[in-house]
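Comments concern the structure below.
The values are calculated or read from the model by the stated rules, or taken from the named source; none is laboratory data. These figures come from a predicted structure and were not determined experimentally. Ideal geometry is used to build each Cβ from the backbone, glycine not excepted, and the neighbour counts take in all protein chains shown.
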Amino acid sequence: MTATDRSLELIDVAAQAAADKLAHDIVAYDVSDVLAITDAFLLASAPNDRQVKGIVDAIEEQLLKKLGAKPARREGEREGRWVLLDYVDVVVHVQHSEERVFYALERLWKDCPELELPEDAKATRGKAAEHANATGAGEAATPGGPAATGRAGALDGELR
């Protein structure tokens, strides 16, 4: 089984919205063969909580405006360190750069096919490392993801 056309459309719009808000290291995986509850994951990160929230808001706005899609669930918004947007067909993870390093979701899904993204989104690869080098930021991370409840919690449980 592969991600549906609708899932690919959601991923494409979400990835472009994240790139427009200067997200770092945008990547998407087709997880339809290993998870029955969603088709794809989109991962993006930002160096601060405010930017994480801005990226999430832009993704929500563009998916609603262009595709009429609303998230079934939104978790982690208060902390702004890791926000999960569950659109059923796709799940979007926008993480603070420190959480991205700590949780290393790419490592968990590396065997899943990577999805093609818009050029602007592809151009974000390596931006987190560039930013860390430019600011002298360390690799220390403090865990703090979405609450492990409900459907999103089940997704989180799948990750461990």
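If you go through segment 108-121 one residue at a time, how many are closer than 22 Å to residue 47 by Cβ and either under 14 Å from the mean Cα position of the chain (by Cα) or of a type in the set (A, V, I, L, M, F, W, C) (or both)?
Selection size over segment 108-121: 2.
Test residue 28 against the stated conditions and say whether it is within 21 Å of residue 5 (Cβ to Cβ) and either at pLDDT below 95 or more than 13 Å from the chain's Cα centre (by Cα) (or both).
Here the answer is no, as residue 28 does not meet what is asked.
Yes or no, residue by residue, for (1) charged (D, E, K, R); (2) under 24 Å from residue 4 (Cα atoms); (3) out of contact with any Cys (no Cβ under 8 Å at 6 or more places or on another chain):
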position	(1), (2), (3)
42	no, yes, yes
54	no, no, yes
78	yes, no, yes
87	no, yes, yes
105	no, yes, yes
